[in-house]
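Asks: There's a structure below that I have some questions on.
The values are calculated or read from the model by the stated rules, or taken from the named source; none is laboratory data. Fair warning: this is a prediction, and the values are worked out from it, not measured in the lab. For neighbour counting, all protein chains shown are included, and Cβ atoms are generated from backbone atoms with ideal geometry for every residue, glycine included. For accessibility, only protein heavy atoms count, side chains too; no ligands or nucleic acids. Shrake-Rupley method; radii C 1.70, N 1.55, O 1.52, S 1.80 Å.
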Amino acid sequence: MGIAITGWGTALPDKVVTNADLEVRLDTSDQWIVDRTGIRERRVGGTTSALAIEACERALVRAGRSGDDVGLVVLATTTPDQTIPASSASIHHALGCRGGAFDLNAACAGFVYALVTVDALLQKGGGRALVVGTDTLSRVTDHDDRSTAILFGDGSGAVLLDAEAGGAGPLVLGADLGVDGSAAGLLFAEVGGTIQMEGREVFRRAVRAEIDSITKVLDTCGITPDDLALFVPHQANVRIIDAVNERLGFPSERTALVLERTGNTSAASIPLALCEAADAGRLRDGDLVLLSGFGAGMTWASAVIRWGTAAPAR
Ligand code: UT7
């Protein structure tokens, strides 16, 4: 069955926190943050449900659809608004969707996990589904801890997957999903607590996990980096992205980056960058796009998708 992304949309809170704002209350500097991470500002505020609803509404408008046309909502998040129920239930209700909804927690790899899962579900059952990656990490950040407070922001990005749009092939051409629970202690937040991270070790493992995972997916698809129109990496640190690009021999001009303006938005970071690239006209029908994320767990996920509504069969 052909699956296509027919709509996409994003949402960011209004409040901007710049590096200069952080300099005022933390022992840090704009130069350190930019040099070590690539981040200049981040957006902070809102709830996971409200941001997700806004992003999904935009995706529906772009596709010319309403909630009634959607039979599944999957929210990738580590920061649901409540422990119970799943935040996807509120999104599903607010948009007037049909069918089911569930939350998926694979941290910063969550959007790719969700996309791969939903592509498989639609292959089997048809219909349309919203896949939305949203996090409000500012709610679980220790704003007095300079090692994490400079990194995180809030945001949401959504896509509408449509199995009725006439696409001839699957959206996901190849995927690799992984987790190493023995590394859980490197990046975690207790219930009601704030994020604790061994940044240097996470950095090291992230580069290795992304390179291994991407290499696997490219091999599965029988393609090389030259065949990719765009690489959409998780936006945690520009030095991680540069290291991966260098190892893969992939040019930075074909890499989607929003990190400078959003910080690390966890499950939202890949769809934010993907949607912005689509809005900027950087994607054409048939383009091969590589998505790759990693995060707490430690999880990782990579997928090659074929962009566009007129996708030829695999
Ligand atoms: O999305 C989830 C996955 N998370 C990530 O991918 C994060 C991965 N890790 C990183 O991005 C980086 O490790 C960080 C940006 C978190 C830290 O950068 P780093 O180059 O690994 O720095 P570091 O932790 O090795 O610290 C170097 C120095 C230390 O000082 P000393 O011990 O050398 O005197 C830190 O105390 O920088 C200091 N430092 C800071 N200085 C100014 C740490 N944070 C700051 C800060 N401003 N905000």
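Asks: Could you tell me whether any residue of region 258-274 is more than 14 Å from the ligand (Cβ to nearest atom) and loosely packed, with under 14 Cβ neighbours inside 10 Å?
Replies: no
Asks: Still on this structure: Can you confirm whether Val304 is β-branched (Val, Ile, Thr) and within 16 Å of the chain's Cα centre (by Cα)? Steps first, answer last, please.
Replies: Numbers: β-branched (Val, Ile, Thr): yes; within 16 Å of the chain's Cα centre (by Cα): yes.
Spelling it out, Val304 is indeed β-branched (Val, Ile, Thr) and within 16 Å of the chain's Cα centre (by Cα).
Asks: Restricting the search to region 81-102, which residues are open to solvent by less than 10 Å² (accessible area, probe 1.4 Å) and under 24 Å from Glu190 (Cβ atoms)?
Replies: At the first step, the residues of region 81-102 found to be open to solvent by less than 10 Å² (accessible area, probe 1.4 Å) are 87-88, 91.
Within region 81-102, Ser87, Ser88 meet the criteria.
Asks: Based on this model, can you work out whether Thr220 counts as touching a Gly at 6+ places or on another chain (Cβ under 9 Å) and on the phi < 0 side of the Ramachandran plot?
Replies: Numbers: touching a Gly at 6+ places or on another chain (Cβ under 9 Å): yes; on the phi < 0 side of the Ramachandran plot: yes.
Answer is yes for this residue.
Asks: A follow-up question, please. Looking at region 26-33, can you tell me whether even one residue there is out of contact with any helix residue (DSSP H, G or I) (no Cβ under 7 Å at 6 or more places or on another chain), farther than 21 Å from Ser156 by Cβ and either among the polar types (S, T, N, Q) or modelled with pLDDT of 95 or more (or both)?
Replies: The first filter runs over region 26-33 and keeps only residues out of contact with any helix residue (DSSP H, G or I) (no Cβ under 7 Å at 6 or more places or on another chain), leaving 31-32.
Going one step further and asking which of them are farther than 21 Å from Ser156 by Cβ, we end up with 31-32.
Checking which are either among the polar types (S, T, N, Q) or modelled with pLDDT of 95 or more (or both) leaves us with 31-32.
Taking every residue of region 26-33 in turn, at least one turns out to be out of contact with any helix residue (DSSP H, G or I) (no Cβ under 7 Å at 6 or more places or on another chain), farther than 21 Å from Ser156 by Cβ and either among the polar types (S, T, N, Q) or modelled with pLDDT of 95 or more (or both).
Asks: Further question: Can you tell me how many residues within region 190-207 are away from the ligand (no atom under 12 Å from the Cβ) and either within 28 Å of Val289 (Cβ to Cβ) or among the small types (Gly, Ala, Ser) (or both)?
Replies: Adding up the residues that qualify gives 2.
Asks: With respect to Gly178, determine if the residue is in contact with a Phe, Trp or Tyr (Cβ under 6 Å, 6 or more places away or on another chain) and either on the phi > 0 side of the Ramachandran plot or not aliphatic (A, V, I, L, M) (or both). Before you say what the answer is, go through the steps one by one.
Replies: Details: in contact with a Phe, Trp or Tyr (Cβ under 6 Å, 6 or more places away or on another chain): yes; either on the phi > 0 side of the Ramachandran plot or not aliphatic (A, V, I, L, M) (or both): yes.
In short, yes.
Asks: Could you give me the residue pairs with C-beta distances under 6 Å whose first residue belongs to region 147-164 and is over 20 Å from Cys275 (Cβ atoms) and near the ligand (Cβ under 8 Å from one of its atoms), whose second residue is open to solvent by 10 Å² or more (accessible area, probe 1.4 Å) and hydrophobic (A, V, I, L, M, F, W, C) wherever it lies, and which are 6+ apart or on separate chains?
Replies: Filtered contacts from region 147-164: Thr148/Ile195; Thr148/Met197.
Asks: Considering only region 141-256, give the helices (runs of 4 or more DSSP H) lying wholly within it that have at least 3 residues that are open to solvent by less than 20 Å² (accessible area, probe 1.4 Å) and either in contact with a Pro (Cβ under 8 Å, 6 or more places away or on another chain) or of a type in the set (A, V, I, L, M, F, W, C) (or both).
Replies: On the way: elements: 146-149, 199-221, 238-248.
Fully inside region 141-256 and qualifying: 199-221, 238-248.
Asks: Go through region 122-133 and report how many residues are crowded, with 22+ Cβ neighbours inside 10 Å and away from the ligand (no atom under 16 Å from the Cβ).
Replies: Initially, region 122-133 is screened for residues crowded, with 22+ Cβ neighbours inside 10 Å, giving 122, 128-133.
Adding the requirement that they be away from the ligand (no atom under 16 Å from the Cβ) leaves 122, 128-132.
Going through region 122-133 one residue at a time, the tally reaches 6.
Asks: Is there a residue being within 16 Å of the ligand (Cβ to nearest atom), in a loop (DSSP other than H, G, I, E, B), of a type in the set (A, V, I, L, M, F, W, C) and touching a residue at least 40 places away in the same chain (Cβ under 8 Å) anywhere in region 99-121?
Replies: yes
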